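Down below is the structure, laid out as structure tokens.
Laboratory data are not the source of any read-out in this text; all were calculated from the coordinates shown. Keep in mind it's a predicted model, so treat the numbers as computed, not measured. Ideal geometry is used to build each Cβ from the backbone, glycine not excepted, and the neighbour counts take in all protein chains shown.
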Amino acid sequence: MTTPDTLPTDREPTRAEVDALDTPVVLEFGTGWCPHCLGAQPAITAVRAQFPGIAHRQVEDGRGRPLGRSFAVKLWPTLVFLHRGRELARVVRPQGEDELRRAWQALADAAA
């Protein structure tokens, strides 16, 4: 079930479902086997913990995955920061906590 402030947990959400969200969300596109994705996890986890009110959703990406294509994801991981269907920030292959914190803070500020 999906409401305007949640995404489905049993499947990949559609772009329409993401765009209809009333709450801020961070979509993290990648795969479980990607070395860049695995290497970024400590920084993502640390910064994410500082913003518990912002939803975070990992989205398995790859050839033929419509949500990743709709956001023109080319490299993994790509984090897309959205509020009410509008992209406020994007971080591709984060190199540390600073750039992630700036994007998460921008989203928190927009949602306040």
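Computed quantities for the displayed model
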{"quantity": "Residue under evaluation Leu7, criteria (1) free of Cβ contacts under 8 Å to residues at least 40 places away in the same chain; (2) within 27 Å of Ala112 (Cβ to Cβ); (3) among the hydrophobic types (A, V, I, L, M, F, W, C), criterion not met", "calculated": "(1)"}
{"quantity": "Every residue from region 69-101 that is in contact with a Ser or Thr (Cβ under 8 Å, 6 or more places away or on another chain), without any contact (Cβ under 8 Å) to a residue 40 or more places away in the chain and within 17 Å of Asp19 (Cβ to Cβ)", "calculated": "Arg90"}
{"quantity": "Odd one out for Gln41 among (1) farther than 16 Å from Leu79 by Cα; (2) assigned to a helix (DSSP H, G or I)", "calculated": "(1)"}
